[in-house]
Amino acid sequence: MSTSQDPSGFLPAANGGKPPLLKLMNISARPELNDSFGQAVSFSSDRYVVALVDATTAAAAVRSGSNSIQPTFLRLKPENLARATQLDQFKLGALTAFQAAKMYLNDPSVQSFVTSNLPPALRARLTPQQAILCALAVIMLALFTLWKIVANAVGFTKLFMVASLLGFVLTVSMPDWSEAMKQRKPLKLTIQRAAANFTTRWKENVIYITGRPNISDTVAKASLLFILLWSGKVILTPTPAKYSAPPVNVGQSKPFLQNSFAISSNEIDLEQIYKLGFDDARSGREFGLSLHDGIAAFNAAQEERFRLQENNRREHYIDDSNLDWAYNPQPPPKTSRFGMGTILSLFALFNFGKDLVTSPDGQVVMDVNYIVMRLRSTEPW
């Protein structure tokens, strides 16, 4: 398609048959449309015909299972459109899921199904919306408990990889599942159709993610095989046993002395003690001569307690002369060096080599002079 028929590359034909999500911007005539979303369906007279996409309409289409809901169409200049970022797409998807959940929550058939399966005692106490929310909470708690049990049994990494692989398969094959739900096809036929179209769906996703419509079937299948092999490696690699240090025998040790010397004393007036000492100093008598015998005994008992505590502390240092300092733990088992860093490095090298031999129009050029020219024009890392 020439640039005069699609100057910005927003139409489905320029994106592998899948129209990109566009964000509306800089519309002065109707500023309320700014930051909304749409998809281009055609181009004529220097303007794109854009079908507006909002969360409520998308949720209604998902809920009804048909495309009978007609969107609103606008004619916009190319400068009023921009490709939506990943964050914008996530935002629209989250809003669509939220609106669809609200529609299901208020659906009378769903409310009737949930309330009819409640015990009679709860049926009279909960509204239909509360019953649905409670059922969702119980389901989420059961899934979380199951996740914890399986994660403790096989390891969190393996379980996360299995869940990611299942999510990956469902995401790629989602168009076939959606079409089957709309046409109410049997589950077996749906699975067969999704499996037959999986490589084609994966190629469409690769083209959409990379923005390169000239990706061949071989490259798409090779990338899919690489993902499956790496996921299988992570899942099948045995989890190393947790290391536990052997107990160290330090021999029998005497218990520490705790509260071994306690002295009870009557309340002592510190001001009186100070006055007696002051009077002794003024009269030239020996220090402490006027103090009561109980005070002197108390001071002596305190000094003895401190002395015993110090001796006890020195006695009960751990004697490390009998420890086995020659302990030599076994080294951890060797793991494969083919990890995530190696995979990303290989992918970067492959992408770099592919760019060297690929011309701007997508043709593979194996001419040495062309490759040298591309190497010289490559930006330094």
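Remarks
- Rounded percent of accessible protein surface that carbon and sulfur make up, the stretch 108-199, 1.4 Å probe: 73
- Each Lys or Arg adds one and each Asp or Glu subtracts one; over the other residues with Cβ under 13 Å from the Cβ of VAL49, this totals +1.
- Rounded to the nearest 20, the Cβ-based charge dipole of the stretch 1-154 about its Cα centre (Lys and Arg +1, Asp and Glu -1) stands at 340 debye.
- Probe 1.4 Å, accessible area per residue of the stretch 93-138, Å²: 67
- Full-stretch length increase - TYR274, VAL162 - with 0.36 nm per residue and alpha-carbon distance subtracted: 32.4 nm
- Gain on full extension, evaluated as 0.36 nm per residue between LEU289 and VAL365 minus their Cα-Cα distance, stands at 16.3 nm.
- A simple spin-label model places the labels of THR358 and LEU228 2.3 nm from each other, with each point 7 Å out along Cα-to-Cβ.
- Pairs with C-alpha atoms separated by more than 26 Å, drawn from the list LYS18/LYS185; LYS148/LYS233; LYS23/LYS354; LYS102/LYS203; LYS221/LYS354; LYS18/LYS221, are LYS23/LYS354; LYS102/LYS203.
- Separation in nanometres of the label points that stand 7 Å from Cα toward Cβ, at LEU189 and VAL219: 3.7
- The 1.4 Å probe gives accessible areas that order ILE149, ILE132, largest first, as ILE149, ILE132.
- Residues ASP54, ASP107, ASP217, ordered by accessible area of protein heavy atoms at a 1.4 angstrom probe radius and largest first, appear as ASP217, ASP54, ASP107.
The values are calculated or read from the model by the stated rules, or taken from the named source; none is laboratory data. Only a predicted model underlies this, so the values are computations on that prediction, with no experimental measurement involved. When we count neighbours, we look across all protein chains shown, and the Cβ atoms used for this are built from the backbone with ideal geometry, even at glycine. We work out accessible area using only protein heavy atoms, side chains counted, and drop any ligands, DNA or RNA first. Shrake-Rupley method; radii C 1.70, N 1.55, O 1.52, S 1.80 Å.
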